[in-house]
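What follows is a single structure, written as C-alpha cells, with notes after it.
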Amino acid sequence: MGLEFIYKEECYNIIGAAMEVHKTLGRGFLEPVYQEALKIEFEQEGIPWADEVLLDIIYKGRLLDKKYVADFVCYGQIILELKAVDRLTPEHVAQVLNYLKATKMNLGLLINFGALSLQYKRIIL
C-alpha cells in the first residue's frame, strides 16, 4: 500500500501556477520578480496565499526574537520557498525542513525558477 500525497490538489495548483510563471518569464530573473509574478498567478487561479510570512522559532520552550521568513504560505498549510538558482542544493531542502519544524506544518514546496525547466521538490515532515 503506497503513501497518499497530502494536499495533492493544492500542490498541483501551486506547481501549475509556478509553471505558468516560468513559461512566461523564463529563467534569469531575481527571486523577487518570480515572487511578484506568482502573486498575480495565485490571484488569477484563486489560490489563497500570504507572502513574507514571519515564522516563530522556539528554543527549549522559549520564543526567540529571530524569525524565519517564508516566501509564501499557501492554503494556510503549505510553506512555499522560492529560489532562482542554477540548481537546488541540500541546504535549500534543509531550509524548508527548518521552516516545517518551526511551524509544525507538514508540507513544504521548494520551487526553483533559475533552471532551464522549473524544478520543484515536495518536502514532508
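The values are calculated or read from the model by the stated rules, or taken from the named source; none is laboratory data. Bear in mind the structure is a predicted one, so any value in this text is a computation, not a measurement. Counting neighbours? That spans all protein chains shown, and the Cβs are built from the backbone with ideal geometry, glycine included.
In the set Phe29, Phe5, only one residue is in contact with a helix residue (DSSP H, G or I) (Cβ under 9 Å, 6 or more places away or on another chain) and at pLDDT 95 or above; that residue is Phe29. Could you say whether any residue in the stretch 75-84 is loosely packed, with under 15 Cβ neighbours inside 10 Å and either touching a residue at least 40 places away in the same chain (Cβ under 8 Å) or closer than 23 Å to Leu125 by Cα (or both)? Yes: the stretch 75-84 contains one or more residues that are loosely packed, with under 15 Cβ neighbours inside 10 Å and either touching a residue at least 40 places away in the same chain (Cβ under 8 Å) or closer than 23 Å to Leu125 by Cα (or both).
Residues in the stretch 44-96 that are of a type in the set (Gly, Ala, Ser) and in a loop (DSSP other than H, G, I, E, B): Gly46, Gly61, Gly76, Ala84.
Checking Ala102, Ala50 one by one, the residue that is in contact with a strand residue (DSSP E or B) (Cβ under 8 Å, 6 or more places away or on another chain), small (Gly, Ala, Ser) and at pLDDT below 95 is Ala102 and no other. Any residue that is surrounded by 15 or more Cβ atoms within 10 Å (Cβ to Cβ), closer than 16 Å to Arg122 by Cβ and touching a Phe, Trp or Tyr at 6+ places or on another chain (Cβ under 8 Å) - is there at least one of those in the stretch 17-35? Yes, the stretch 17-35 has at least one match. I'd like the full set of residues that are farther than 18 Å from Val21 by Cβ, touching a residue at least 12 places away in the same chain (Cβ under 8 Å) and either among the hydrophobic types (A, V, I, L, M, F, W, C) or loosely packed, with under 13 Cβ neighbours inside 10 Å (or both), limited to the stretch 51-69. Val53, Leu54, Leu55, Asp56, Ile57, Ile58, Val69 - these are the residues of the stretch 51-69 that are farther than 18 Å from Val21 by Cβ, touching a residue at least 12 places away in the same chain (Cβ under 8 Å) and either among the hydrophobic types (A, V, I, L, M, F, W, C) or loosely packed, with under 13 Cβ neighbours inside 10 Å (or both).
When the stretch 93-115 is limited to residues that are without any contact (Cβ under 8 Å) to a residue 24 or more places away in the chain and over 11 Å from the mean Cα position of the chain (by Cα), the one that is surrounded by the fewest Cβ atoms within 10 Å (Cβ to Cβ) turns out to be Lys104. Out of Glu36, Glu41, one residue alone is on the phi < 0 side of the Ramachandran plot, of a type in the set (Asp, Glu), out of contact with any helix residue (DSSP H, G or I) (no Cβ under 8 Å at 6 or more places or on another chain) and part of a helix (DSSP H, G or I). It is Glu36.
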